[in-house]
Amino acid sequence: MSNPTSVENQKVQLEPPVITRAPKRSRDYQQIPLFKDVNPLDWEDWHWQLKHRIRTKEELEQIIKLTPSEEKGIDKAKGRLAMAITPYWASLIDAEDENCPIRRQAVPVSDEFLISPHEMADPCAEDRDSPASHLVHRYPDRVLLLATDHCAMYCRHCTRRRLVGDHEEKEGDPATKFDAAIDYIKANRKIRDVLISGGDPLTLEDEVLEALISKIRAISHVELLRIGTRVPVTLPQRVTENLVNMLKKYSPIWMSIHFNHPKEITKRCKNACDMLSEAGVPLGSQSVLLKGINDRPYIMKRLVHELLQIRVRPYYIYQCDPVRGTQHFRTPVASGINIIEKLRGHTSGYAVPTYVIDGPGGGGKIPVGPNYILSQAKGKYVLRNYKGKIYTYLE
Ligand SMILES: *Cc1c(COP(=O)(O)O)cnc(C)c1O
């Protein structure tokens, strides 16, 4: 049982004041020598961005001075989950700061090759719960469909690094590769919600994505379609008029966007989110708690406030899964609980996401958070509020 006085005496962490309107300090890409001659029309072309991703030390060195750990990391990450950074994302890197959150999420370091004993290749046991190729069925009424192994940018904390990357193998014929998954969804009338993720489904061409979406929409018991993506953050140029008009046809489509740090919310990203919102796609965010990137409550508070301003509802904060090579990113669970403690009651309820741990071995998302029930007996609940004050509720 928690001791109520310990709540009142909780140490107040000294933190910098909360700035809700963070300065948009992204460098103009034309200031960066590597990109200074790029035609603005090319810069806005998502195919150009994908084709010109930074994959080598030599290219990256033209933007930042690499540390020895990064040099080793880039060399070792040659196979699965090799480095690939869109010019857009690279233009947000602060060249002066080796701890820049944009840089750390994209540039491999030698720590990625330290595997700790409890880390796993497939920590959420998705492969075990796969009844058909590209499909994960864990919860009664919804499935996860892994539409591609590719992403615009490869996050160094990727939980699906066992699958994801620009490997050589062919992705398979998009016209038939999802047949077994579609047949499974058709045959299971309990499935009312299909989450299309990957990899990043928005790296697929419009026609390929539409073919998949229209097949799922044609299944009468599927009420809800969702897309999990990071493209509005790593490659906002991908969100074109053509894409949003296509998505609009299959409404309701909801979207979960992976955002980790307020620096990711640029004018360009806001513009992509506005286009999606205006096409009637409700937007939610998913963040991964990452050490030194977003594990301080004031950073997370700034992120969730800025998300609401671009009409993105904070949805989940994930504890960083125990996937192989991510120990340097992992925080104690207490950091996540503390973030929720500092948000709930202190700011708009809409700004408060749910902090979850994906139960290792396939337990699914388990919410964890501050304890507000101090005691519970016959018809009587003793509760504390966000300030630590005690209240009794009689049933
Ligand atoms: C996260 C997840 C979902 C969706 O979960 P919600 O809590 O409904 O957002 C569905 N299937 C799997 C396997 C997942 O990991």
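With respect to (1) away from the ligand (no atom under 16 Å from the Cβ); (2) in a helix (DSSP H, G or I), the lone exception for Ile185 is condition (1). Scanning the stretch 77-92 for residues that are buried (at least 21 other Cβ atoms within 10 Å of the Cβ) and at pLDDT below 95 yields Ala77, Leu81.
Give the stretch 134-163 a look and list any residue that's within 15 Å of the ligand (Cβ to nearest atom) and either in a loop (DSSP other than H, G, I, E, B) or polar (S, T, N, Q) (or both), or say none. Show your work before the answer.
The first filter runs over the stretch 134-163 and keeps only residues within 15 Å of the ligand (Cβ to nearest atom), leaving 134-147, 158-160, 162-163.
His134, Pro140, Asp141, Ala147, Cys158, Thr159, Arg160, Arg162, Leu163, listed by residue number.
Right, Gly336: at pLDDT 95 or above, within 22 Å of the chain's Cα centre (by Cα) and within 16 Å of the ligand (Cβ to nearest atom) or not? Can you show your working first?
Numbers: at pLDDT 95 or above: yes; within 22 Å of the chain's Cα centre (by Cα): yes; within 16 Å of the ligand (Cβ to nearest atom): no.
Criteria not met by Gly336.
Among the residues of the stretch 211-255, just one is within 22 Å of Ser91 (Cβ to Cβ) and surrounded by fewer than 16 Cβ atoms within 10 Å (Cβ to Cβ), namely Thr240. Checking each residue in the stretch 104-126 for being away from the ligand (no atom under 11 Å from the Cβ) and of a type in the set (D, E, K, R) picks out Arg104, Asp111, Glu112, Glu119, Asp122. Counting only residues that are more than 16 Å from the ligand (Cβ to nearest atom) and either under 16 Å from Ala132 (Cα atoms) or surrounded by 19 or more Cβ atoms within 10 Å (Cβ to Cβ) (or both), the stretch 190-210 holds 4 of them.
Residues of the stretch 202-227 that are in contact (Cβ under 8 Å) with a residue 60 or more places away in the chain and among the polar types (S, T, N, Q): Thr203 alone.
In the condition set (1) within 16 Å of the ligand (Cβ to nearest atom); (2) among the acidic types (Asp, Glu); (3) outside the structural domain of Ile191 (by TED's automatic domain parsing), Asp94 is compliant with all but (1). Within the stretch 339-395, restricting attention to residues that are hydroxyl-bearing (Ser, Thr, Tyr) and more than 30 Å from Leu303 (Cα to Cα), the residue that is nearest to the ligand (Cβ to nearest atom) is Tyr381.
Could you tell me whether the stretch 276-291 includes any residue that is surrounded by fewer than 21 Cβ atoms within 10 Å (Cβ to Cβ), without any contact (Cβ under 8 Å) to a residue 40 or more places away in the chain and hydroxyl-bearing (Ser, Thr, Tyr)? So far as the stretch 276-291 goes, yes, one or more of its residues are surrounded by fewer than 21 Cβ atoms within 10 Å (Cβ to Cβ), without any contact (Cβ under 8 Å) to a residue 40 or more places away in the chain and hydroxyl-bearing (Ser, Thr, Tyr). Is the stretch 292-310 home to any residue that is within 16 Å of the ligand (Cβ to nearest atom) and either within 16 Å of the chain's Cα centre (by Cα) or of a type in the set (Ser, Thr, Tyr) (or both)? No, there is no match, as no residue in the stretch 292-310 is within 16 Å of the ligand (Cβ to nearest atom) and either within 16 Å of the chain's Cα centre (by Cα) or of a type in the set (Ser, Thr, Tyr) (or both).
The values are calculated or read from the model by the stated rules, or taken from the named source; none is laboratory data. The structure presented is a predicted model; accordingly, all values stated were derived computationally and were not measured. So basically every Cβ, Gly included, is an ideal-geometry build from the backbone, and we count neighbours across all protein chains shown.
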